[in-house]
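The values are calculated or read from the model by the stated rules, or taken from the named source; none is laboratory data. Small disclaimer: the values here were computed from a predicted structure and weren't measured. Note: ideal-geometry Cβ built from the backbone for every residue, glycine included; neighbour counts use all protein chains shown.
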Amino acid sequence: MTQPSTPFDTIESAQDFVRVLAEAIAEAQQEMNVDLERELQFPPSRRSRALQIATYNLDKLEKQMLRSRRILNDLRSLRRLLFAEREFHRVKGMSDEARAAAQPDFTPPLIAAIPAPKKPGVAGIVTNPTRPQQAISA
């Protein structure tokens, strides 16, 4: 029996999910800022204070998404290194023996539990093929 596909089967699909979530947070922030600017034109009220708190929490959430993207990038890089998914580049002055010693000869159990990527994309999320993907900045 196969397990159902989830948005977190691979690091890449989790990155896609976090990217979509970050976009939704950015849209919510824009809407919230418009509402807050309109509300601040009137005398202080509970509504304006609530909008300020919501804006503050959205800012915190945006920063957490940035941290999550960086952590996922690190995990992907480590997985590629440990599973030798990326070719080692020839370094000037590095002997063949040193290059062979730099390649891993075993996979630690914790890293072995991280599945290799199956296919890009998040299950259930349709991406726009005409819109180029943005690079994740670290």
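Structure values in brief
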item	result
Single residue of Ala98, Ala14, Ala102 found to be of a type in the set (A, V, I, L, M) and either modelled with pLDDT of 90 or more or touching a Pro at 6+ places or on another chain (Cβ under 6 Å) (or both)	Ala14
Lone qualifier among Leu110, Leu58, Leu81 - being closer than 29 Å to Thr10 by Cβ, modelled with pLDDT of 95 or more, among the aliphatic types (A, V, I, L, M) and more than 16 Å from the chain's Cα centre (by Cα)	Leu58
Filter result for Ser48 (surrounded by 13 or more Cβ atoms within 10 Å (Cβ to Cβ) and touching an Asp or Glu at 6+ places or on another chain (Cβ under 9 Å))	yes
Flag for Gln29 being modelled with pLDDT of 80 or more, loosely packed, with under 10 Cβ neighbours inside 10 Å and not basic (Lys, Arg)	no
